[in-house]
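Structure first, then comments.
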2 protein chains.
Amino acid sequence: MKVEYINAFIESTINALKTMVMITPKRDKISVKKDGESASFDISGLIGLAGEAVGSVVLSFPEETALKVVSNFIGEELTTVDSDVLDAIGELTNIIAGGAKKIFSERGYSFKISIPNVVHGKDHKINRPKDVPCISVTFTSDAGPFAIEISLKVAGDK
Amino acid sequence: MKVEYINAFIESTINALKTMVMITPKRDKISVKKDGESASFDISGLIGLAGEAVGSVVLSFPEETALKVVSNFIGEELTTVDSDVLDAIGELTNIIAGGAKKIFSERGYSFKISIPNVVHGKDHKINRPKDVPCISVTFTSDAGPFAIEISLKVAGDK
């Protein structure tokens, strides 16, 4: 997977959190994710990409980080994870995927994005097809740690 | 959501299980799924749809059903859920979404499908955006119960 693809998602994630959540995350580690190797956190927003680029983006938070992020996002102190919190995580995932889509289209690649699904479950894992590379990027922030995971195949690439 | 959309997914699910898994499932209940109202099972294949129809399809199994279905699918008796089992559930989700896509395109609607992600976690829940209707269809089968959940907005529909 080309570095510029990953950078588009990192850039979009930092932009979205800065402007929508007033949090400036710092990129931590980038790693190739092998199936079952690492767990996602408790709450994961997931959106499918289809077109010249096919894949998915996952935005995954521990519950505590999710609550702080969504509290900032909607401007109200939240202490329990309910469907409004999950909706907000879905919306953020949508904003990040949409931002990356814009960056991709400026570089001549187009894809469409599906609706966000948000998975909630302690220590759930998300498996991808073995033939689609997946890169995990962890972030640290004032709200706590979180990660994005990008699975992507771009038409014409190897 | 129009009944014919749901029927395309039901038809595709029954076809896929009949031909690929040698199991003939029976449709049980159809219900409108409200956020957080009902739990998914332990293992859920999830695929995004993007284009004239936007949404997602989830194929969700209890672990026991998943093991029986995948054992039939690959012709080998399996007793533990590993990444091969999750891959196979992803493949089945892909076949079902692809089958529905074909039925939709014969009726003049086109959409693209993303790659399947498979969520594994006891009693995980999957949340969708509130503005996208979601229909749950449960099935009974010789391998045990399972469900499909279809979230769909079709361009031009209300």
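The values are calculated or read from the model by the stated rules, or taken from the named source; none is laboratory data. From a predicted model like this one, the values you see are computed outputs, not experimental measurements. Neighbour counts are summed over all protein chains in view; Cβ atoms, including those assigned to glycine, are modelled from backbone coordinates with ideal geometry.
Side notes on the structure shown:
- Counted residues, the stretch B:21-36 - those being farther than 15 Å from B:Leu59 by Cα and either touching a Pro at 6+ places or on another chain (Cβ under 8 Å) or surrounded by 17 or more Cβ atoms within 10 Å (Cβ to Cβ) (or both): 3
- Residues that are away from chain A (no Cβ under 12 Å), assigned to a loop (DSSP other than H, G, I, E, B), farther than 20 Å from A:Lys112 by Cβ and in contact with a helix residue (DSSP H, G or I) (Cβ under 9 Å, 6 or more places away or on another chain) do not occur anywhere in the stretch B:148-157.
- Members of the stretch A:81-123 that are touching a His at 6+ places or on another chain (Cβ under 8 Å) and under 18 Å from B:Gly55 (Cα atoms): A:Leu86, A:Val119
- Exclusive hit being among the acidic types (Asp, Glu) and more than 10 Å from chain B (Cβ to nearest Cβ), set A:Glu91, A:Glu63: A:Glu63
- Among the residues of the stretch A:123-138, the ones that are over 14 Å from A:Ser56 (Cβ atoms), charged (D, E, K, R) and crowded, with 22+ Cβ neighbours inside 10 Å come to 0 in all.
- When A:Phe104 is tested against (1) at pLDDT 95 or above; (2) surrounded by 22 or more Cβ atoms within 10 Å (Cβ to Cβ); (3) more than 13 Å from the chain's Cα centre (by Cα), just one condition goes unmet, and that condition is (1).
- Here B:Asp131 meets the list (1) touching a residue at least 24 places away in the same chain (Cβ under 8 Å); (2) in contact with a Lys or Arg (Cβ under 9 Å, 6 or more places away or on another chain); (3) within 12 Å of another protein chain (Cβ to nearest Cβ); (4) assigned to a loop (DSSP other than H, G, I, E, B) almost entirely, failing just condition (1).
- Within the stretch B:126-158, the set of residues being within 15 Å of the chain's Cα centre (by Cα) and hydrophobic (A, V, I, L, M, F, W, C) comprises B:Ile126, B:Cys134, B:Ile135, B:Val137, B:Phe139, B:Phe146, B:Ala147, B:Ile148, B:Ile150, B:Leu152.
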